[in-house]
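Asker: Here it is: the structure, laid out below.
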Amino acid sequence: MKLPAKIRGWFNPKANPEKLLANYIATDNKQALALLVEQFNLPLYHYLVSQSDKELAQDVLQTSWLKVMKVKESSKAHINVKSWLFAIARNTLIDELRRQQRWQWQDVEQQLLTGEPLEKTCELSDKLAKFNRVVNQLPFFQREVFILQQEGFSLLEICQLTDESFETVKSRLRYARTNIKKLMGPEL
């Protein structure tokens with residue numbers, strides 16, 4: 001049964017993630033953990049695959065859930081679980097990218113100035129495919145804040161998640177949007 005849009009906002013049959021985490025930590029209840037995985041696995045995977053590739057995203061996702069399984073501190077139960085899970089996934093991804101020496105530092109401006117190819121195919125018929133390629137060309141931190149905002153995080157939540165100042169996050173988001181506009185050209 002599909003609920004009307006007005007009801008969906010306040011009637012959410014999913015269990016409260018903070019209560020699920022508290023239950024898992026206190027009792028080692030695997031069902032509570034399974035419900036957390038069910039609720040957040042896809043959004044976490046989407047974030048990770050948009051920051052890396054399919055195989056790395058799957059590996060980092062598994063490692064992230066293993067880290068969650070090892071948490072036994074009751075203080076974690078009082079936090080915003082979504083932000084906490086994304087922070088675990090983010091930090092695990094950054095560690096893995098550094099370990100594989102795949103950390104991206106080149107700026108979009110430098111790519112434009114040096115004439116490096118920004119697109120493998122000149123004629124992309126699908127604007128969404130081009131948009132996805134453009135987003136993937138952004139430097140890691142710009143792409144990250146853009147994607148986190150698309151995942152529904154507020155600027156303040158992104159600040160907490162990335163451990164950055166409000167102004168830094170705001171600047172990264174502004175640069176990301178500016179670079180997307182530059183790279184998309186008149187098609188945007």
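The values are calculated or read from the model by the stated rules, or taken from the named source; none is laboratory data. Nothing here was measured: the structure is a model prediction, and the numbers come from that model. Here the Cβ is made from the backbone with ideal geometry for all residues, glycine too, and neighbour counts use every protein chain on show. The accessibility values were calculated without ligands, DNA or RNA, using every heavy atom of the protein model including side chains. Shrake-Rupley method; radii C 1.70, N 1.55, O 1.52, S 1.80 Å.
Asker: Could you tell me which residue of segment 150-165 is farthest from Ser83 (Cα to Cα), considering only residues that are among the acidic types (Asp, Glu) and open to solvent by less than 80 Å² (accessible area, probe 1.4 Å)? I'd like the intermediate steps shown before the answer.
Answerer: Filtering segment 150-165 down to residues among the acidic types (Asp, Glu) leaves 151, 157, 163-164.
Those still in the list that are open to solvent by less than 80 Å² (accessible area, probe 1.4 Å) too: 151, 157, 164.
On the way: Glu151: 11, Glu157: 7, Glu164: 14 Å.
Here the residue is Glu164.
Asker: Sticking with this structure for a sec: Looking only at segment 166-176, count how many residues are exposed (fewer than 13 other Cβ atoms within 10 Å of the Cβ) and out of contact with any helix residue (DSSP H, G or I) (no Cβ under 7 Å at 6 or more places or on another chain).
Answerer: In the first step, residues of segment 166-176 are kept if they are exposed (fewer than 13 other Cβ atoms within 10 Å of the Cβ); the result is 166-167, 174.
Now narrow it down to the ones that are out of contact with any helix residue (DSSP H, G or I) (no Cβ under 7 Å at 6 or more places or on another chain): 167, 174.
So the answer is 2.
Here's the yes/no breakdown for (1) modelled with pLDDT under 90; (2) among the aliphatic types (A, V, I, L, M); (3) open to solvent by less than 50 Å² (accessible area, probe 1.4 Å):
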{"residue": "Gln39", "(1), (2), (3)": "no, no, yes"}
{"residue": "Gln51", "(1), (2), (3)": "yes, no, yes"}
{"residue": "Asp59", "(1), (2), (3)": "no, no, no"}
{"residue": "Trp65", "(1), (2), (3)": "no, no, yes"}
{"residue": "Val71", "(1), (2), (3)": "yes, yes, yes"}
{"residue": "Lys76", "(1), (2), (3)": "yes, no, no"}
{"residue": "Asn91", "(1), (2), (3)": "no, no, no"}
{"residue": "Trp105", "(1), (2), (3)": "yes, no, no"}
{"residue": "Asp126", "(1), (2), (3)": "yes, no, no"}
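Asker: Here is a follow-up. One residue is enough: does segment 26-36 have a residue meeting the conditions more than 15 Å from the chain's Cα centre (by Cα), modelled with pLDDT of 90 or more and within 21 Å of Ile158 (Cα to Cα)?
Answerer: Yes, some residue in segment 26-36 is more than 15 Å from the chain's Cα centre (by Cα), modelled with pLDDT of 90 or more and within 21 Å of Ile158 (Cα to Cα).
Asker: Then there is this: Looking at Leu97, is it modelled with pLDDT under 90 and surrounded by 16 or more Cβ atoms within 10 Å (Cβ to Cβ)? Explain how you work it out, then say what you get.
Answerer: Working: modelled with pLDDT under 90: yes; surrounded by 16 or more Cβ atoms within 10 Å (Cβ to Cβ): yes.
In short, yes.
Asker: Give segment 137-149 a look and list any residue that's open to solvent by 20 Å² or more (accessible area, probe 1.4 Å) and more than 16 Å from Arg90 (Cα to Cα), or say none.
Answerer: Matches in segment 137-149: Gln137 only.
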